[in-house]
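Notes for the one structure printed next.
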Amino acid sequence: MKVTVFIPTYNSERYLSDILDAISAQEVDFEFDILIYDSESSDRTHQILDD
């Protein structure tokens, strides 16, 4: 099984790192992708995603 986790964002810098850490820490026995779509954020969302 393969799963895609879709995360829509807009000015999400406050929570984005915690969300990504929580998803990455999941112990699963299947592959998954993380797809993030940003809607023109004006905060540091883009910088967090680039790191």
Worksheet item: What value, in deg cm²/dmol to 500, does the helix sum -39500 (n - 2.57) over DSSP H runs of n ≥ 4 give at 222 nm once divided by the residues of the chain?
Response: -10000 deg cm²/dmol
Worksheet entry | Normalised contact order of the chain, rounded percent, pairs of Cα under 8 Å and 6 or more residues apart | 59
Worksheet item: Any idea what angle helix 13-24 forms with the longest principal axis of the chain, computed on alpha-carbon atoms, 0 to 90 degrees, nearest 10?
Response: 10
Worksheet entry | Cut-off under 5 Å, modelled amide H: who pairs with Ile34 long-range | Val5
Worksheet item: ³J(HN,Hα) across segment 33-44 via Karplus (A = 6.51, B = -1.76, C = 1.60, θ = phi - 60°), whole Hz, x for Gly/Pro?
Response: 10, 10, 10, 10, 10, 10, 9, 6, 4, 10, 9, 8
Discussion item. Between His46 and Asp18, what is the label-point separation in nm under the 7 Å Cα-to-beta-carbon projection?
Written reply: 2.5
Fill in: Local net charge near Phe6, Cβ-Cβ under 13 Å (Lys/Arg +1, Asp/Glu -1)
-2
Discussion item. For Cα Rg over 2.2 N^0.38 Å, pick the label among (i) 1.10; (ii) 2.35; (iii) 1.20 that corresponds to the value derived from the coordinates.
Written reply: (iii)
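Coordinate-derived values only; no laboratory data. Predicted, not measured: the structure shown is a model, and the values here were computed from it. When we count neighbours, we look across all protein chains shown, and the Cβ atoms used for this are built from the backbone with ideal geometry, even at glycine.
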